[in-house]
Amino acid sequence: MPSADLLSELRWRGLIHQCTDEAALAELLKTPQTFYIGFDPTATSLHVGGLMQLMMLRRFQQAGHRPIALVGGATGMIGDPSGKSEERNLQTDEQLEANVAGVAAQMRAFLDFDGPQAALLLNNYDWMKDFSYLQFLRDVGKYFPVGTMLGKDSVRSRLDGDSGLSYTEFSYMLLQAYDFVRLAKEYDCRIQGGGSDQWGNITAGIDLGRRMLGQPLVGLTAPLLLTSDGRKMGKTERGAIWLDPERTSPYAFYQYWRQVDDADVMRCIAYLTEIDREEYDALAAQTAEDPGRCAAQQRLAEWMTQFVHGDDGLNSALRASKMLFGGEIEALDDRELGEIFEDVPSSEVDRAALDGDGLWVVEAFQRAGLTSSNGDARRTIKEGGAYVNNRRVANANVRLTANDLASETMMVLRKGKRKYALLRFSQEP
RNA sequence: GGGGGGUUGCCCGAGUGGUUAAAGGGGGCGGACUGUAAAUCCGCUGACAUUGUCUACAUAGGUUCGAAUCCUAUACCCCCCA
């Protein structure tokens, strides 16, 4: 039951940046279609940008169409020059293989691989690996006028700049164009989506489809997810936000969305979530009226975290947030504390230090690496910026004993508002 | 090759014999306010030590009761004349 509303849904979400032929697309979508988006296996995990594309596939699937997630095992060997200012280093085969496997595993969690609209997960390496160079030039290359290729933004910007581009990267668009034709032929896939930086590659595929198959294909791009000051969403000083909990903990993931700028939060909700129009409007109104409540940020963070990391991930993120930004820390066990503070650096201290007079706070802060010298630690304490288990340290003479443990073996030290460190008091053999 | 100027704490930049651990600004760090935001305001910002000691103004020596401040040499930088 294809939903006639898919297009209007995409429109209000602002997800249609460009479309090669909106009328044709609308016509196609009246019946179940196959829709594909390619993913670059640049790492073993997707990040925020990839998630946005994945959501696109989901939206099509939910509207009654069949999504194909194409992992670029072959194209990844070449490197897409689109949106890149410099020639990229080639990945090793092993790296690429691991990346393809990692990304594919993540996609399985977000698409439905059963039922009449079962999603397909394909790898273009499967059809590229046996294609000989000569055959490719004869079958595919023949249809590509170099003049047109030179006109593509991705190529021109590189030629205009001073970094140039290799023949290898120049050829990238042929591979992606061929993917589209291949999918059209084998899976009757007539629609390709992607980020706006994929426009050139997508239209190259459409041209090739017309020439090789005499069939009209349609392309659709989504805007890039940028912050209001023009940078890519999902990047922090410490690197990208990944979907893989090993790379970005559920807590860090949650916090990223929780701290999105007011100016960007509604767009994130529209682009990345399945929160409906009604709730969206309500959140937008609340943000305008009372930005201090961060209602939209909280909803976004909740939705995203639960979607990507499940209930458990969300709960631990919420609990950690409550601890880190809220009350005192006590009555927890090692396991819970460890989970909540998994992003926080920790140091080992001999348990015996807590015996007798106990451990001098100043030294504790030094051991935890939160202060640069004893003087710095004293200063911080004097300024009221030192906390043990979220209780402010009264003076620099305080000594810590086993009574100050937050759990069996751990103590939580904090400097200022957010700088945490864990001390683990281990039994020395 | 000759002449002149410079080198100060994380950065910029005052200071030209004596409360100078060194003005002022930036940055950083705390705190207050706030929305886990921005802006603003206040405090701190060499080390060690329960207010005293040590190490600091390019480097090494010297003069002096006392120097970042004077002298000598060395290194680096800038400018002018050849």
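The values are calculated or read from the model by the stated rules, or taken from the named source; none is laboratory data. Owing to the predicted nature of the structure, the values given are computational and were not obtained by experimental measurement. In this analysis, Cβ positions are derived from the backbone assuming ideal geometry, glycine residues included, and neighbour counts consider all displayed protein chains. Accessible surface is based on the protein model in full, side chains and every heavy atom, while ligands, DNA and RNA are left aside. Shrake-Rupley method; radii C 1.70, N 1.55, O 1.52, S 1.80 Å.
Just to be sure before I move on: is A:A320 touching a residue at least 40 places away in the same chain (Cβ under 8 Å), open to solvent by 40 Å² or more (accessible area, probe 1.4 Å) and touching an Asp or Glu at 6+ places or on another chain (Cβ under 9 Å) in the structure I sent?
For A:A320, the condition - touching a residue at least 40 places away in the same chain (Cβ under 8 Å), open to solvent by 40 Å² or more (accessible area, probe 1.4 Å) and touching an Asp or Glu at 6+ places or on another chain (Cβ under 9 Å) - is not met.
If you check A:D179, A:D207, A:D188 for being buried (at least 24 other Cβ atoms within 10 Å of the Cβ) and over 21 Å from the mean Cα position of the chain (by Cα), only one passes: A:D179. Among residues of segment A:381-390 being more than 6 Å from RNA strand B (Cβ to nearest atom) and surrounded by 14 or more Cβ atoms within 10 Å (Cβ to Cβ), the one that is nearest to A:F325 (Cα to Cα) is A:N390. Picking from residues in segment A:212-232 that are farther than 25 Å from A:F35 by Cα and not charged (D, E, K, R), the one that is least open to solvent (accessible area, probe 1.4 Å) is A:T227.
Would segment A:58-77 turn up any residue that is more than 25 Å from A:A184 (Cβ to Cβ) and either outside any loop (DSSP other than H, G, I, E, B) or open to solvent by 10 Å² or more (accessible area, probe 1.4 Å) (or both)? No, the conditions are met nowhere in segment A:58-77. Considering A:G151, A:G147, A:G200, the condition of being small (G, A, S) and touching a helix residue (DSSP H, G or I) at 6+ places or on another chain (Cβ under 8 Å) is satisfied by A:G200 alone. Out of A:T305, A:T248, A:T273, one residue alone is more than 10 Å from RNA strand B (Cβ to nearest atom), touching a strand residue (DSSP E or B) at 6+ places or on another chain (Cβ under 7 Å) and among the polar types (S, T, N, Q). It is A:T248.
When residues in segment A:323-353 are screened for being surrounded by 14 or more Cβ atoms within 10 Å (Cβ to Cβ) and assigned to a helix (DSSP H, G or I), 10 of them pass. Residues of segment A:354-380 that are small (G, A, S), surrounded by fewer than 20 Cβ atoms within 10 Å (Cβ to Cβ) and either over 25 Å from A:E339 (Cα atoms) or within 12 Å of RNA strand B (Cβ to nearest atom) (or both): A:G356, A:G358, A:S372, A:S373, A:G375. Cβ-Cβ contacts under 7 Å between residues 6 or more apart (or on different chains), taken from a first residue in segment A:261-282 that is within 15 Å of A:L224 (Cα to Cα) to a second residue that is part of a helix (DSSP H, G or I) and open to solvent by 40 Å² or more (accessible area, probe 1.4 Å), are listed as A:I269/A:Y280; A:A270/A:Y280. Could you figure out which of (1) within 16 Å of RNA strand B (Cβ to nearest atom); (2) in contact with a Leu (Cβ under 7 Å, 6 or more places away or on another chain); (3) of a type outside the set (D, E) isn't true of A:A263? Condition not satisfied by A:A263: (2).
Listed by first and then second residue, the pairs with beta-carbon distance under 8 Å, at least 6 apart or on different chains, first residue in segment A:408-429 and open to solvent by 80 Å² or more (accessible area, probe 1.4 Å), second more than 11 Å from RNA strand B (Cβ to nearest atom) and part of a strand (DSSP E or B), are A:E428/A:D350.
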